[in-house]
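Nothing in this text is a laboratory measurement; each read-out follows from the coordinates by a stated rule. Just so you know, these numbers come straight off a predicted model, no measurement behind them. Please note: Cβ atoms are built from the backbone with ideal geometry, for glycine as well, and neighbour counts cover all protein chains shown.
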Amino acid sequence: MTAMPTGAPAGNPVRPGRAWTMVERNLMIYRHTWPVLLAEIFEPMLYLLAFGVGVGLLVGDVPGLGASVSYPQFVAPALLATAAMNGAMNETTFNMYGKLTTDKTYESILTTPMSVRSVALGEVFWALVRGAIVATVFLVVVSIFGLAELPGALLVIPSALLIGFAFAAMGLLTVTFLRSWQDFQLIQLVMLPMFLFATTFFPLSVYPRAVQVFVEVLPLYHSVELVRAAFLGTGGGYPAIAVIYLAVLGVVALAIAVRRLEDTLRP
Amino acid sequence: MTDSSTVLIDAQGLRKVYGRPGDKAGFTAVDGIDFQVRRGEAFGVLGANGAGKSSTMRMIACVSPPTAGSLRILGYDSGADGAKIRARLGVVPQDDTIDTELTVRENLLIYGRYFGLSWKVLRERSTRLLEFTRLSEKADDAVATLSGGMRRRLTIARALINEPEIVLLDEPTTGLDPQARHLLWERLFQLKQDGVTLLLTTHYMDEAEQICDRLVVMDAGKIVAEGAPAELIARYTLREVLELRFAPGERQIMTDKCRGLAERMEELPDRLLLSTDNGEETLSAVHRQGVQPLTALVRRSSLEDVFLTLTGRSLLD
Amino acid sequence: MHTLARAFSAPAFRELGYWLFRYRRTWRGSIVISIGNPLLFLTALGLGLGTLVDREDSAYLHGHSYLTFILPGILIAGVMQTAFLEASGPVMQSAMSRGSYRAAASTPLEPAGILYGHLMYWILRATQNAVLFTCVSMFFGTVDPARAPLLVLVAVLVAVAFAAPAAAWAVTVTRPSQINVMFRFVVLPLYMFSGTFFPIEQLPVSLQWVAWATPLWHGVDLGRTVALGTATPYGVLIHIGYLSVMVVIGLYVARRTYRRKLYV
């Protein structure tokens, strides 16, 4: 006999709320699927090369930002903010929807002492870890090409974490409303215009005032502004607004998402 | 503590209604059931699909709050202390929910982490459990390469990672081939020998007879009978059953001719069952009536017959 | 040519019918995307980014506005991307043990018929996208209505030139992550560096040679010269020749890989 459990209640330390184990699970998976993470770092670099450098040759300096800012300098922070957003959203929408429906991963996790809250927080944690990795590598690369002013630009990393948090929480909230894989088209319908219009490729001054107001409401706009301020060492008092905006957005979305997930996962 | 009379699970008036609390159109899956499971026993919940077995199991696993009634497990209230109870349960769900992105061993390791167990403990335990479930050679393989029987054994190994006192198994051998089933039964029997309390649902009568010390039969959310398998057979059936098959065209006429030849008669889509104390005698009586069945079989009564008697339908419907 | 004639006979149309039947469930969303994508890209990049580009009036744009310059590029690169996506994931899934190709292969349908049937579906989808795109473009006033049909033809040729080799490869793929990797590391770079968003003439000569060798550049340049009316017979011949070779080789290999995969 291979000495199986004999029902002694001792020896099982109960520590619920272990959100960190969700991160461990994801790290273990990424040992097998690391090219995915590599691709996530590769993508903003591609955009930077195509737009920052390629289109940059057509653009020259970007007007209306005070000091002379080259086009690559203008685009790089926006691409980083977008990468942080996409990584976090993908994790808590696409990947999480698969775990909720096809794989039923959470169903088995919730038969352990883990709570729904730990699972939700854990997935958000993981989105932050990913965001930090992507931001750090991106920062190192652009610093080598002289597009970021170190050490001030190190602020980019906490900024990327905050963006990751806000969008991971938004993604978590979104996933509780999805009815089928078809609904991901609707997410794209919001994400693509936001990517194109939130001052990623051209400054706010291009728009008429009415459109400017609309853009200023977008969460990606504040994310881009936050990272841009860190990159260029500009912004003055502005980053405070962006920080508050993203933090409030994240906290509120997370609170509602956890409540809705409780209903879905523990019917 | 190891006294076999200790009640580990105590359900009183347990109900589960799906739908919003005030919603009158809610669906009642479990309709006020009482039962107790004692330490060291293998307890079965039998029923057709939709009888309320899985809902009952989910409530006991503390992943689905009861709508009404009391449910105490290991001395805790299932509603208030779900996490404490889950720490001492092992759950084998009906669908294998193993992580397909991880290897066999990684599945055990990460699942153990959810219980807050240390990596050191988990490395040792996972080796032992893979050996116990005969998966040692597959330890570093992708889950996708496992057969159905292996996947189920991995799910069982995973459920044992926290050395649980109670293991819940929801239809553990559904979809497995006979050889895989027998290996699984053998392992479950071993667990029982080791003092683990088993609670399983099944719609296979042979499985229930093999494994369960005691069982309840559920129908439409209610418990309709409770007892040891042999006890239930003695209580609800006669000693033997005569099974008759007829040519399709003659069925109705032949069935009518058989009426009154046995104390109880059940018509199934493909055959006619006559309950009796002496099958051979009844068969002679059938022949004397001029009934010519295509095939005739006399056998001992089984749990299947108990179920048929109690619910009026076959389990595998 | 008799094999081709046979393949385009009735059985292939059954396979096309299957994909059109499935399309009934998603066509609304697909039309929204076919119209929404050009609208968004042309507004953001053509008009928004265009204000920055047109300020500099780069000699490489030969006096064209940025919107006029990138419009054919975005169309052709987008068609290529859609062709790859439609001919990779769905093909891989269909060829798996529970996929629709397996069901089709157990009927009198031959692997080549399955391939051509699915190919016809990609052609229809590419036509839909290209027609809606050029309609939106005319709204922006940058495409001459007389040249719009030609642009659609170029788009369909590009779609087939990429769908055929993509399908030939995808039918042999077993893990979805392989398609993901191919998309991120091959398709996306092609999308961005084939003269889609900026003229490759401004690159160093060595990089220009790289661009000339890549297939999408031929599609983009063909589309652009046709749309702007600057096409030369010599250039058109090279571009069409290059893309046609891709179609022929792609279909030849796909017929083999389909047969090998489905008749094991």
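For this structure, a couple of remarks:
- Rounded FRET efficiency, nearest 0.05, which uses the C-beta distance separating C:LEU153 from B:TYR18 and R0 of 51 Å: 0.35
- Counting only Cβ charges, +1 for Lys and Arg and -1 for Asp and Glu, the dipole size of chain A around its Cα centre is about 600 debye.
- Segment B:7-228: relative contact order as a whole-number percent, Cα under 8 Å and 6+ apart: 30
- Per-pair calculated FRET efficiency, R0 = 22 Å: B:TRP185 and B:VAL7 via Cβ, rounded to 0.05: 0.25
- Which of B:TYR114, B:TYR76 has the fewest Cβ neighbours within 10 Å, and the rest in rising order: B:TYR76, B:TYR114
- Label-point separation, B:ARG235 to C:ALA59 (7 Å along Cα→Cβ), nm: 10.0
- Which listed pairs, of A:LYS99/B:LYS16; B:LYS16/B:LYS120; B:LYS53/B:LYS84, have C-alpha distances above 32 Å, in listed order: B:LYS16/B:LYS120
- In this rough spin-label picture, where each label sits 7 Å from Cα along the Cβ direction, the C:ILE249-B:ALA68 distance is 7.4 nm.
- Counting DSSP beta bridges with both ends in chain B, the antiparallel % (nearest 5): 65
- Within 10 Å of the Cβ of each residue in C:175-182, the mean number of Cβ atoms contributed by other protein chains is 2.
- Residues C:ARG175, A:ARG209, sorted so that the one with the fewest Cβ neighbours within 10 Å comes first: A:ARG209, C:ARG175
- Residues C:VAL205, A:VAL23, A:VAL175, sorted so that the one with the fewest Cβ neighbours within 10 Å comes first: C:VAL205, A:VAL23, A:VAL175
- Other protein chain Cβ atoms within 10 Å, averaged over every residue that makes up B:157-169: 3
- Taking 11 Å as the cut-off, no amide N atom of segment A:153-180 comes nearer than this to a point 7 Å along the Cα-to-beta-carbon line of A:ILE244.
- Taken one residue at a time, the phi angles of segment B:220-234 give Karplus couplings (6.51, -1.76, 1.60, θ = phi - 60°) of 6, x, 10, 8, 9, 6, 8, x, 6, x, 5, 4, 5, 5, 5 Hz. Gly and Pro are set to x.
- Each Cα pair under 8 Å and six or more residues apart adds its separation to the average, and for chain C the resulting relative contact order is 27 percent.
- FRET efficiency, 1/(1 + (r/R0)^6) with R0 51 Å, evaluated for C:THR232 and B:PHE27 via beta carbons: 0.10
- Length-normalised contact order of chain A in % [C-alpha pairs under 8 Å, at least 6 apart]: 25
- Residue by residue along A:45-54, Cβ atoms of other protein chains within 10 Å of the local Cβ number 4 on average.
- Estimated inter-spin distance, B:ALA220 and A:ARG259, nm [label 7 Å along Cα→Cβ]: 3.9
- Evaluating 6.51 cos²θ - 1.76 cosθ + 1.60 at θ = phi - 60° for every residue in segment C:201-218, the Karplus couplings come out as 4, 7, 7, x, 4, 4, 6, 4, 4, 4, 4, 4, 6, 7, x, 5, 4, 4 Hz, glycine and proline recorded as x.
- Residues of segment B:96-133 with an amide N closer than 17 Å to a point placed 7 Å from the Cα of A:ILE133 along the Cα-to-Cβ direction: B:101-103.
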